[in-house]
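Readers should treat all values here as calculations from the given coordinates under stated rules, not as data from a laboratory. Everything quoted here is computed from the prediction, not taken from an experiment. Every residue, glycine as well, gets a Cβ built from its backbone with ideal geometry; the counts of neighbours run over all protein chains shown.
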Amino acid sequence: MTEQDGSQDRHVSAERRLGTVGIAHRPVGRREATAANLAWWDADADEYQATHGQFLGDADFVWCPEGLREDDAALLGDVRGLRVVEIGCGQAACSRWLARSGAHPVAVDLSWGMLAHAREGNARTGPVVPLVQATAEELPLATGSMDAACSAFGAIPFVASVEAVFHELHRVLRPGARWVFSVTHPMRWIFPDDPGPNGLTATQPYFDRTPYTEVDAEGRATYVEYHRTVGDYVRALTKTGFLLEDLVEPEWPEGHTRVWGQWSPLRGKLFPGTAIFSTRRDDR
Ligand SMILES: C[S@@+](CC[C@H](N)C(=O)[O-])C[C@H]1O[C@@H](n2cnc3c(N)ncnc32)[C@H](O)[C@@H]1O
């Protein structure tokens, strides 16, 4: 869950630290994307936690800026006794919720800066969940060792190949295991990332998969975020052996006034901001 131009929290300190000077419209491969996002999430970790930590809680599972909680949605089902890997865990509040709910979570993130907050959260809150620094494309987990996987806006928008991540999850999950993840709803791509009225006018093509890329003065990527259409996600899941069981589009709740970057009550009342793909390893 990040935001770019026009949003209220602008990540000024991360951009300054990384020397971001503008936006490029070009393809970005895996190596450059991983390097950029590792540096970016390290640089933005403190601000992310300061801005969103309270909303996300210490041991709570919030799927999206709309505030949908796993406590209410139960998309992972009964997690008691399950070994669950959380991808792009950030401060790992979801994994601590899983631990409190009787699961055995492993929390994975690319960024040491984000994992530092996860470590603080462990110390502050009680359930100490195992933290692993790794990219979602290469999980240091044994084949078939996990009973479920989840991600709340972690990793998926930032990897060059979503198929590589799905392949890896297929490997570490046992047959029939659930894989549930939330991302920015693909239809948001056509609008400027602006929570206000400017964010209501379509300005870019839904079918342009060129990633959103911020660059430094040398043209090197400092932040990369990928767009996939709904069809792209469905095809990638099917091709890598997952069965799509539901696509949840959380509605903006009455009385919810919190603005998170481009997510706002104004836009949330008109169109979806989050897509949650609820899938299973397909072993029919
Ligand atoms: C928007 S934050 C979400 C964090 C947390 N899940 C939450 O709900 O607040 C995205 C997270 O994905 C992580 N991330 C980015 N690229 C990744 C990758 N290739 N592999 C694993 N994690 C990644 C970032 O470091 C960051 O912690």
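Numbers at a glance
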read-out: Lys, Arg +1 and Asp, Glu -1 on Cβ, resulting dipole of the stretch 12-281 about Cα centre, debye, nearest 20; value: 580 debye
read-out: Principal-axis tilt of helix 112-125 within the chain, Cα atoms, nearest 10 degrees; value: 50 degrees
read-out: Anisotropy class of the stretch 191-261 from Cα gyration tensor, a/c 1.5 cut; value: oblate
read-out: Fully extended contour minus Cα-Cα distance, from ARG119 to ARG174, at 0.36 nm per residue; value: 17.0 nm
read-out: Integer Hz, Karplus 6.51/-1.76/1.60 couplings in order for the stretch 191-202, x for Gly and Pro; value: 10, x, 6, 9, x, x, x, 4, x, 10, 10, 5
read-out: VAL230 versus VAL128: modelled label distance in nm, points set 7 Å from Cα along the beta carbon direction; value: 4.6 nm
read-out: Cα coordinate range in the chain, projected on the principal axes (Å, largest first); value: 47, 42, 41
read-out: Helical mean residue ellipticity (222 nm; -39500 (n - 2.57) per DSSP H run of 4+; nearest 500) of the chain; value: -9000 deg cm²/dmol
read-out: Inter-probe distance in nm under a simple model that places probes 7 Å from Cα toward Cβ, at ARG209 and THR238; value: 1.5 nm
read-out: ASN198-GLU249 pseudo-label distance in nm [points 7 Å out on the Cα-to-Cβ vector]; value: 2.6 nm
read-out: Calculated FRET value between ARG26 and ARG80, using beta carbons and R₀ = 51 Å, to 0.05; value: 0.60
read-out: Dimensionless Rg ratio for the stretch 106-222, taking C-alpha atoms and the 2.2 N^0.38 Å reference; value: 1.30
read-out: FRET efficiency, 1/(1 + (r/R0)^6) with R0 22 Å, evaluated for ARG258 and ALA73 via beta carbons; value: 0.75
read-out: In order through the stretch 15-21: 3J(HN,Hα) via Karplus (6.51 cos²θ - 1.76 cosθ + 1.60), integer Hz, x for Gly, Pro; value: 5, 5, 4, 8, x, 5, 10
read-out: Nearest 10 degrees, 0 to 90: helix 230-239 Cα axis against the chain principal axis; value: 40 degrees
read-out: Sequence-distant residues sharing a close amide H with THR222 (under 5 Å, placed H); value: GLU214, VAL215, ASP216
read-out: Per DSSP, loop trypsin sites (Lys or Arg not before Pro) in the stretch 8-40 with at most 15 further Cβ within 10 Å; value: ARG10
read-out: GluC sites (Glu not before Pro) restricted to the stretch 130-202 and DSSP loop, no more than 13 other C-beta within 10 Å; value: GLU138
read-out: For TRP179, residues with placed amide H under 5 Å, excluding near neighbours; value: ALA149, THR279, ARG280, ARG281
read-out: Gain on full stretching of the segment that runs from TRP112 to HIS167 - 0.36 nm per residue minus C-alpha separation; value: 17.4 nm
